[in-house]
Structures are given as structure tokens and as C-alpha cells.
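The structure under discussion appears below in the form of C-alpha cells.
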């Protein structure tokens, strides 16, 4: 038995390392969902019963159980962030299991930190493990942030306060840069773990799909040695984090108020690492050192995300080119390619459902922002294709969801990039097979003041073929469309660029 703080014996099954190990050995290893739940329950128990244990014993059991959980965490992350969408049941099942474990781990690591700071009996023997305690606590917070980002959910403000506490404790003990093995096969430091979290969250949260968020975090984690943290601003810092008043990472700017509690994250070496990685990915090679927990992602997908991350790390940071104006306008909205076809002027209206009605909060030349109740947010994701029709306007436009976040009431804040203020449904034929009677319907994006000679088309998913030219009929004229590039692919659409050439009536040349 283990003596408690007041001299009493504890009969808790985790009161001795030997019995704690026996319990761990009895947890079934073949079912990661069940195993992670059981381990999480024990982690929660050792926090709730902490007064029965010295903090050094609490830490020893937590460290043992947290290490055992990692194989199951990786398995569930592998399954959750799969290339293909999961069923709603499976998505929810995996999300709940991971969120519950990360929450138990986060709170228990912080409880050990709190008892250490309070000078509880036995706490001094934890001192040499402070780097590992802080790095694992930061890792649990990273997991919680990733799962919140996967659902565009509000982040508990307490997470940022705990992040600040971990960093501060390591800084006070002069062990920020102490090399450590976070888990078997993963080497890092407290400073690196902190910097990866700040840079990843600051550059991608709310602007990437869940899968893209996961891949970006894994890329930053793998290349984390190229990220640095400083207590002063020298013009190279990308993001700032306030240890005194912790809030989500902010873009670092020279004009901001600088004070001693700010820490600045820079990525000078990371930019070169990403550039080198892109050269490898351009050759169709996915480096083995990229740790995606065993998942096999398409090289092109990883390349696109790496390219986007590199662009987000530019200095000076990108600025808004078009001013936003506060405006209140009602907007009819429809979600998805097929529903947009029904509202184009191609004449395909199969009893179209009533459109949603949104209210625009602010608008610029390239997009707008709207806040919609949670009940009307089904199916809205990063990359979703939206048709929109402002009040008093006869035609529909097209946009893509670029940013999402939720507020305290659960309302969804949606940032939309405007592709075109007007869409036109057009018939498309395979130019090389004029006898093929099959016609697909696309959406031509009428972009004002475009003199490029290009046509931008929305088509059903996987319809774009780089080697296939099309014939398009628009406003009574025929055009030859020579494929240039697939600009973007969503869940139900392709956005493609074509060279647009007017044809003589009846010409096939």
C-alpha cells in the first residue's frame, strides 16, 4: 500500500506501480476503442483520487498509462483522419473516444503540475521529469485543439492558460530546450512542442478541412526542428503568444504592443525545409520520415498542403487587398454542385428545395462573411461549394467556404470566397468524340473584367481530364475548351481552367 499525505494507507488499485501495471496488462490490446476508453478511465481516476497519492507516484502511473495509450491513439487518429469520409456514426464514435482520452490526459498532467507548484510532499522528485511532464501536457492540448478544429468548434479558453503554464514552468526550470523522448520514437523538447502547436494552430485553424488540419500538424511536427521561440521581436516572428493573458496565437506585427510576457515563434529554417520537401514531393516521392501514423496519403494531397503551409509562412504576412464593409443583406444560399445546377439558367429545375436564407455580416470584392445558427449548418465544411443569390438580384453566384468557426452559442461563422457573381449552366461535349451523344452539364463562371481568354468551369467530381478538350455552348455560340489545370477538387465538384476559343458555326477544327 502507499501512504497518503496524511499517513493513511490507500487501497486504490493504482496505489502501487506493480498493481497499476497488472491492470494495464489486463486491458485488451486488440480493440483500440475499448482499450483507450479503459486507459482514459484510469487516468481520470488517478486525478480524481490524487489526494490519496504523492504527486511523484501520480506522475509515475500517469506516465506509464499515457505511454501505453499512444498505440491506440495513433490507431484511432489513423482511422479518424482517413482519406475517404467516414459515416456519421463512425466519425462520432472515434471523435468522442479521442476527445475523452485527450481531456483526461490534459487535466491529469496539469494536476501533477499544479501539485508540483504547490510543493506537495514528494513533488521535488519530479523535478528532473519537468521537461517530459510539460511536453506531454502540450501534446494532450494539441490533440484537443486538433479535434476541436475537426468540428470547427469553440476552444475552451482554459486550454490556452494551461499551455502558458507548461511553457512557463519549463522556462523557469531552464529546460525549454532539453532534448527528450516524448514517446517511443518521437524526439522533441518543450520549446519545440510549444512552437509546433502555436505555428500549426495560428496558420491553419479554421481554414483547412479536418484531413488537411491533421496533415499540416503532422508536417509541422516532423519538421519542428526548424521552428524557434524567442522572448523578443526581431522582425522574423510569425506568431505571438501571450503568457500573461493567454489567448489563441496572434500574427506578430511590428506595430503591436511588445511586453515581456510575449513569446514569438519564427520559422526561418522551416521555410527551407518545406521548400526541400516540395522538391521531393514534386518527384512523386513521399518521404518515409513523415509521420502520418501509418496512413497512406496521396503525394499530391500532401504536396498541396505543404505548398499552402509554405505560403502561409511568408514574411511580411499577407495583407487584405480588398477592404471589408459592414452590411446587412439577406442571401439565398444552396450547398453543393447538383443544387447549384438546379438554380442555374440551364433549365434543370427538378422541384428544387427551398433555399436557406442567410444574413451577410460584412462583404468585400472577393467574398463575404455570414453567421448562421447551428441548426442550419449541416453539410457546411471547408471547401464546400455554395450558390448564393442576394436579395433583389435575379441571378445566382458561386463561392467556396474558406473559413469556419463557432461562437459560444454554437453559431457558425462562415467566410466565403466569391468565385463568380453570376453562374451560367452550360452543356459540355467531348470535342474528340462528336458522335458521342452524352452531354454533361457544367457551370460557367462569369467573371467580370476577365480578359485572360480562359473559361473557369464547375463540373461534377472527377469530370476534369487534362487530356480531354470540350465543346461548350454559351449564349448561342460554340467554344472549344482546351484544358489547362484542375484548380480545386471538392467533395462533389471539380473547378477547372480551360483556354476558351470561339468556333465558327458547324466547325470541328
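The values are calculated or read from the model by the stated rules, or taken from the named source; none is laboratory data. These numbers were taken from a predicted model, which means no experiment stands behind them. Reconstructed Cβ throughout: ideal geometry from the backbone, glycine too, with neighbour counts over all protein chains shown.
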> Would you pick out the residues in the stretch 117-160 that are within 23 Å of the chain's Cα centre (by Cα) and more than 18 Å from residue 205 (Cα to Cα)?
Replying inline: 135, 136, 137
> Which strands (runs of 3 or more DSSP E) sit wholly inside the stretch 385-425 and have at least 1 residues that are touching a helix residue (DSSP H, G or I) at 6+ places or on another chain (Cβ under 6 Å) and surrounded by 17 or more Cβ atoms within 10 Å (Cβ to Cβ)?
Replying inline: 385-390
> Which one of 219, 182, 211, 199 is within 23 Å of residue 302 (Cα to Cα), in the same structural domain as residue 287 (by TED's automatic domain parsing) and in contact with a strand residue (DSSP E or B) (Cβ under 7 Å, 6 or more places away or on another chain)?
Replying inline: 199
>> Would you confirm whether or not the stretch 226-243 contains a residue that is more than 22 Å from residue 172 (Cα to Cα), part of a helix (DSSP H, G or I) and in the same structural domain as residue 287 (by TED's automatic domain parsing)?
In response: yes
> Looking at this structure, is residue 20 at pLDDT below 95, buried (at least 16 other Cβ atoms within 10 Å of the Cβ), over 24 Å from the mean Cα position of the chain (by Cα) and within 30 Å of residue 294 (Cα to Cα)?
Replying inline: yes
>> Out of the residues in the stretch 148-181 meeting the condition of being surrounded by 18 or more Cβ atoms within 10 Å (Cβ to Cβ) and without any contact (Cβ under 8 Å) to a residue 40 or more places away in the chain, tell me which one is nearest to residue 382 (Cα to Cα).
In response: 148
> So is residue 95 buried (at least 18 other Cβ atoms within 10 Å of the Cβ) and either within 19 Å of residue 169 (Cβ to Cβ) or in the same structural domain as residue 210 (by TED's automatic domain parsing) (or both) or not?
Replying inline: no
>> Looking for something in contact with a strand residue (DSSP E or B) (Cβ under 8 Å, 6 or more places away or on another chain) and under 18 Å from residue 184 (Cα atoms) - is there at least one such residue anywhere in the stretch 70-79?
In response: yes
> Any idea which of 184, 190, 196 is under 25 Å from residue 125 (Cβ atoms) and buried (at least 24 other Cβ atoms within 10 Å of the Cβ)?
Replying inline: 190
>> Tell me whether the stretch 75-95 contains one or more residues that are within 26 Å of residue 161 (Cβ to Cβ) and not in a helix (DSSP H, G or I).
In response: no
>> So residue 214 ticks every box in (1) within 21 Å of the chain's Cα centre (by Cα); (2) surrounded by fewer than 16 Cβ atoms within 10 Å (Cβ to Cβ) but one. Which box is left unticked?
In response: (2)
>> Here's a check for you: in the stretch 30-41, which residue that is touching a helix residue (DSSP H, G or I) at 6+ places or on another chain (Cβ under 6 Å) and without any contact (Cβ under 8 Å) to a residue 60 or more places away in the chain is nearest to residue 113 (Cα to Cα)?
In response: 35
> Listed residues 153, 170; which is in contact with a helix residue (DSSP H, G or I) (Cβ under 9 Å, 6 or more places away or on another chain), over 19 Å from residue 238 (Cα atoms) and outside any helix (DSSP H, G or I)?
Replying inline: 153
> Which one of 208, 274, 270 is under 16 Å from residue 308 (Cβ atoms) and assigned to a loop (DSSP other than H, G, I, E, B)?
Replying inline: 208
> Just for the stretch 363-384: of the residues that are free of Cβ contacts under 8 Å to residues at least 40 places away in the same chain and surrounded by 15 or more Cβ atoms within 10 Å (Cβ to Cβ), which one is nearest to residue 490 (Cα to Cα)?
Replying inline: 377
>> Could you go through the stretch 249-259 and let me know if any residue there is within 21 Å of residue 272 (Cα to Cα), surrounded by fewer than 18 Cβ atoms within 10 Å (Cβ to Cβ), assigned by TED's automatic domain parsing to the domain that holds residue 307 and free of Cβ contacts under 8 Å to residues at least 60 places away in the same chain.
In response: no
>> Would you confirm, using the coordinates I've provided, whether residue 381 is modelled with pLDDT of 75 or more and either in a strand (DSSP E or B) or not assigned by TED's automatic domain parsing to the domain that holds residue 405 (or both)?
In response: no
> Quick one: is residue 491 in contact with a strand residue (DSSP E or B) (Cβ under 9 Å, 6 or more places away or on another chain) and under 27 Å from residue 394 (Cβ atoms)?
Replying inline: no
> What is the number of the single condition among (1) within 33 Å of the chain's Cα centre (by Cα); (2) surrounded by 14 or more Cβ atoms within 10 Å (Cβ to Cβ); (3) without any contact (Cβ under 8 Å) to a residue 24 or more places away in the chain that residue 44 does not meet?
Replying inline: (3)
> Counting just the residues of the stretch 50-65 that are assigned to a helix (DSSP H, G or I) and in contact with a strand residue (DSSP E or B) (Cβ under 8 Å, 6 or more places away or on another chain), which one comes out modelled with the highest pLDDT?
Replying inline: 57
